[in-house]
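Student: Below are the structure tokens for one structure; questions will follow.
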Amino acid sequence: MKNLYLSSVRLRRELPEGSYLRQLGPVQYLMEGGVLEFDRPVTFLVGENGTGKSTLLEGAAVACGFNPEGGTRNFNFSTRATHSILGEYLTPARKRYPRDGFFLRAESFYNVATNIDELDEAPAFAPKLIGSYGGVSLHKQSHGESFLSLVQNRFGGEGLYLLDEPEAALSPSRLLTLMGEMDQLVKADSQFIVATHSPILMAFPKARIYELGENGIRAVEYRETEHYLLTKRFLDDPERMLRYLLEEEG
């Protein structure tokens, strides 16, 4: 692949005193002069709930010009302003610009699908957007089908794609389908940055994995992640794990 579209993000100025963002380990890492580098076509941000994965991904997306609720850089709708101010304080480092791009976040994908339908219903709007999304309203498909329809039809290559917990709508088999689509798009000169909890998805070959936590941001190998270790221990002996868990809670 040529130079990546997004090679790093860093804080360009101090966050306001009292902002909850200052309490997040990954943000503290950036406040201390740390830089989040993207040196491979696929990067995963992993960690426990509340560590700041989605917040950091959202900030990077906003800093790159994407709508906070998701979509392409041409989307500018707002259903409810719940995004953080982090994107206003981040500086993205880019050596070139992508031809395509999309910010997919599971929690607000419904709003993106609604906005597409509303734009297509406007009399003066042509050509219809839904043609780029498979020709069928995303609301007329299951959650998982609409996710894959987006990737398979809208993602065209030579793009920067930021995905926030795409596994939320996908079965294990559909996650494997997504990985196949990602591989084809990487071969078509694309870059992915993904916040995820899925040990299946983060097994993507040669991906960079960053673990986010109270101590900041650190690069880890796939089999060192807590997601892999815990899932493997459970699958190796689910009865033992459940017995221990339920007895402890009882």
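Student: Please state, as a whole number in µm²/s, the translational diffusion coefficient that the Stokes-Einstein equation yields for region 188-250 at 10 °C and 1.306 mPa s, with Rh defined as the Kirkwood radius across alpha carbon pairs.
Tutor: Values: Rh = 13.8 Å.
In µm²/s, the coefficient is 115.
Student: Does a label point 7 Å from the Cα of ASN215, set along Cα-to-beta-carbon, have any residues of region 14-40 with amide nitrogen under 15 Å, and which are they?
Tutor: 25-26, 29
Student: Length gain on complete extension for the stretch LEU235 to ARG223, per 0.36 nm per residue less the alpha carbon to alpha carbon distance?
Tutor: Numbers: separation 12, 0.36 × 12 = 4.32 nm, distance 1.46 nm.
Between LEU235 and ARG223, full extension yields 2.9 nm more.
Student: Given Cα positions, please report Rg to Rh for region 1-76, the hydrodynamic radius being the Kirkwood one.
Tutor: Numbers: Rg = 13.3 Å, Rh = 13.8 Å.
Ratio of gyration radius to Kirkwood radius: 0.97.
Student: Quickly work out the SER19-to-THR177 label distance, labels modelled 7 Å from Cα along the C-beta direction, and quote it in nm with one decimal.
Tutor: Label-label distance for THR177 and SER19, simple model: 4.0 nm.
Student: Using bins 10 angstrom wide from zero, how does P(r) for region 143-250 break down, in % of all Cα pairs?
Tutor: Once binned at 10 Å, the Cα pair distances of region 143-250 give 13, 38, 31, 14, 4, 0.
A short reminder: the numbers here are calculations on the coordinates, not readings from a lab. Small disclaimer: the values here were computed from a predicted structure and weren't measured. Glycine gets a Cβ as well: all are built from the backbone with ideal geometry, and neighbour counts include every protein chain shown.
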